[in-house]
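Novice: Sharing a structure with you now.
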Amino acid sequence: MEMKPCLLEVTEYMEMDSVVRMARVCKAWKAELASGNHWKKKCQSMWGLNEDEIDAADPLLTFNQYAAKYWKYSTVFGPVRAMWKRFEAWMVRHSPGMLATLNPPASEEDLDTWEKMLGAPLPLSLRCVYKLHNGQAKPADDWNKVPFPTLDGTQEDEWTQQTGKTYHGKCLGMLGGWSLYDSHTSLFLLSIQDAMKSHGILSNHGLIGIGWSSNYAVVGKSFASKRACGDFTYMMLKCPTTREGFQNFHVAGRSLPGYMNMIVTRLEQGVYRARLGEILLHPCGNHLGATTTETNGMVIEASPLLLPSRSVPGELGFTYRLTITCKAGSCQLFLRTWKSRSDPNEGFEEVVKGQGVVGHLPVFTTDQKDGTYRQWAYASATSVEGAWGQMGGSLTFVPGTLQQPAGPHFDATIEPMTLTHDITRALQDSAGFD
């Protein structure tokens with residue numbers, strides 16, 4: 001029985017499993033539906049693949065074989081592929097070094113091996129992530145010999161001058177990075193091979209299988225600048241569900257592609273920023289609890305970030321990054337005052353008052369570097385009891401220097417930043433990837 005052209009056109013709008021069932025009606029229908037042109041058009045319409053991508057994946061598969069092997073991805077492949085394309089486009093513009101770390105696609109066999117090791121099925125959305133890129137290449141073997149940059153970039157400049165090398169890819173984790181005191185962390189998307197190795201390491205140390213189910217897939221790993229601040233940080237995904245858990249982990253959202261979509265969306269919106277090619281998860285401007293205020297020619301950006309590894313039931317732990325931009329004349333910081341509250345109906349209470357910040361009394365000059373104002377930044381930590389809090393205050397400066405003051409001191413306001421859990425926003429951003 002010959003298939004009419006109009007019916008063949010209809011199949012381009014049908015689900016893959018329905019088309020496969022139609023191919024079993026008779027030999028003529030099977031031959032028509034199994035033709036290369038038809039299944040290529042089907043893949044193009046369903047997943048947005050072009051012919052080169054289809055041929056590169058499995059050039060010898062017939063439509064029936066291809067459908068039997070891949071139709072299960074039809075509902076999730078498109079959104080995950082679109083997310084990857086957006087991420088890659090951002091990397092081209094802002095972090096070519098990060099783009100260069102992306103591995104080629106993982107094979108079905110690699111994914112099946114990973115799944116077999118876990119003893120549980122991998123979420124289809126997770127498989128799609130790795131079918132497009134098998135994670136990132138990990139940093140070079142000498143990563144622990146290369147300094148993380150200080151927040152104002154001076155350490156990187158000094159290291160480059162001493163060694164003649166350019167900045168290293170140790171901070172190019174695409175899952176984001178953050179600062180805490182003099183430590184810095186950058187979270188890499190692991191390849192399947194590195195993920196299985198990390199799973200074995202955690203199992204040997206009793207971190208998986210004791211208090212944790214053995215079917216947690218390790219998908220991310222960070223490289224910290226100082227081991228005293230927490231060694232490595234891992235991201236794990238509970239299989240077969242799409243909920244992530246953390247214990248010394250930094251995770252937000254319901255699924256890996258959901259978390260990745262949250263990051264690229266916030267990068268596109270300017271909520272997160274790139275610095276030296278890395279992704280900083282400290283929010284910018286007035287997003288996600290951050291604040292920016294200009295007083296007396298001093299611009300102060302306060303940027304909080306929830307750290308699950310520093311949180312306990314009833315108390316949320318945060319790292320915050322304070323960036324100071326001097327638009328005034330030469331001056332030196334010499335006092336800090338912090339005030340906080342945990343109830344929006346109550347006033348602020350002074351909690352800290354002292355000299356300098358993290359042991360420094362930075363001096364700001366009128367000299368501009370590359371047409372930009374002089375900046376100085378640092379990262380510290382705080383906590384809030386309950387689920388909500390605010391912290392703000394002021395910094396006091398003296399014109400000139402403390403040794404040679406050029407006028408009376410003046411204050412610069414730190415607009416209160418909001419300290420709260422960010423998961424609800426992450427859940428909204430990750431919708432559509434379950």
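The values are calculated or read from the model by the stated rules, or taken from the named source; none is laboratory data. These numbers were taken from a predicted model, which means no experiment stands behind them. So basically every Cβ, Gly included, is an ideal-geometry build from the backbone, and we count neighbours across all protein chains shown. When the accessible area is computed, the model is the full protein with side chains, heavy atoms only, and any ligands, DNA or RNA have been set aside. Shrake-Rupley method; radii C 1.70, N 1.55, O 1.52, S 1.80 Å.
Novice: Looking at (1) modelled with pLDDT of 90 or more; (2) farther than 23 Å from Leu180 by Cα, find the lone condition where Met417 falls short.
Specialist: It is condition (2) that Met417 fails.
Novice: A further question on this structure: Can you tell me which residue within segment 183-208, out of those that are open to solvent by 50 Å² or more (accessible area, probe 1.4 Å) and farther than 21 Å from Leu132 by Cβ, is modelled with the highest pLDDT?
Specialist: Lys197
Novice: Return the total of residues in segment 276-314 being open to solvent by 40 Å² or more (accessible area, probe 1.4 Å), within 30 Å of Val398 (Cα to Cα) and either in contact (Cβ under 8 Å) with a residue 24 or more places away in the chain or in contact with a Lys or Arg (Cβ under 7 Å, 6 or more places away or on another chain) (or both).
Specialist: Step one: of segment 276-314, the residues open to solvent by 40 Å² or more (accessible area, probe 1.4 Å) are 276, 286-288, 292, 294, 296, 309-310, 312-314.
Applying the additional criterion that residues be within 30 Å of Val398 (Cα to Cα) yields 286, 292, 294, 296.
Now drop any that are not either in contact (Cβ under 8 Å) with a residue 24 or more places away in the chain or in contact with a Lys or Arg (Cβ under 7 Å, 6 or more places away or on another chain) (or both), which leaves 292, 294, 296.
The total comes to 3.
Novice: Among the residues of segment 113-166, which ones are at pLDDT below 50 and of a type in the set (Lys, Arg)? Reasoning before the result, please.
Specialist: From segment 113-166, those at pLDDT below 50 are 142-166; that's our starting set.
Lys145, Lys165 - these are the residues of segment 113-166 that are at pLDDT below 50 and of a type in the set (Lys, Arg).
Novice: Can we say Gly386 is on the phi > 0 side of the Ramachandran plot and either touching a helix residue (DSSP H, G or I) at 6+ places or on another chain (Cβ under 9 Å) or open to solvent by 60 Å² or more (accessible area, probe 1.4 Å) (or both)? Give the steps one after another, and end with the answer.
Specialist: Numbers: on the phi > 0 side of the Ramachandran plot: yes; either touching a helix residue (DSSP H, G or I) at 6+ places or on another chain (Cβ under 9 Å) or open to solvent by 60 Å² or more (accessible area, probe 1.4 Å) (or both): no.
Against the criterion (on the phi > 0 side of the Ramachandran plot and either touching a helix residue (DSSP H, G or I) at 6+ places or on another chain (Cβ under 9 Å) or open to solvent by 60 Å² or more (accessible area, probe 1.4 Å) (or both)), Gly386 does not qualify.
Novice: Any residue at all in segment 387-400 that is in contact with a Gly (Cβ under 8 Å, 6 or more places away or on another chain), small (Gly, Ala, Ser) and in a loop (DSSP other than H, G, I, E, B)?
Specialist: no
Novice: Looking at segment 1-27, which of the residues that are under 21 Å from Lys72 (Cα atoms) and among the charged types (D, E, K, R) is modelled with the lowest pLDDT? Explain how you work it out, then say what you get.
Specialist: So the first thing to find is which residues in segment 1-27 are under 21 Å from Lys72 (Cα atoms), and the list is 10-24.
This time we only want the ones that are among the charged types (D, E, K, R), so: 12, 15, 17, 21, 24.
Details: Glu12: 69, Glu15: 68, Asp17: 64, Arg21: 76, Arg24: 77.
The extreme case among them is Asp17.
Novice: Turning to a different aspect of this structure: How many residues does segment 88-111 hold that are open to solvent by less than 70 Å² (accessible area, probe 1.4 Å) and farther than 22 Å from Pro139 by Cβ?
Specialist: Result for segment 88-111: 4.
Novice: Which residues, taken from segment 221-239, are at pLDDT 75 or above and under 18 Å from Arg310 (Cβ atoms)?
Specialist: Residues of segment 221-239 that are at pLDDT 75 or above, as a first pass: 221-222, 233-235.
Hits for segment 221-239 are Ser222, Thr233, Tyr234, Met235.
Novice: What single numbered condition from (1) modelled with pLDDT of 75 or more; (2) of a type in the set (Val, Ile, Thr); (3) open to solvent by 40 Å² or more (accessible area, probe 1.4 Å) fails to hold for Val80?
Specialist: Only one criterion in (1) modelled with pLDDT of 75 or more; (2) of a type in the set (Val, Ile, Thr); (3) open to solvent by 40 Å² or more (accessible area, probe 1.4 Å) is unmet by Val80, namely (3).
Novice: Still on this structure, please answer the following. Restricting to segment 309-351, name every residue that is among the aromatic types (Phe, Trp, Tyr) and modelled with pLDDT under 90.
Specialist: Applying the first criterion (among the aromatic types (Phe, Trp, Tyr)) to segment 309-351 yields 318, 320, 334, 338, 348.
The answer is Phe348, and nothing else.
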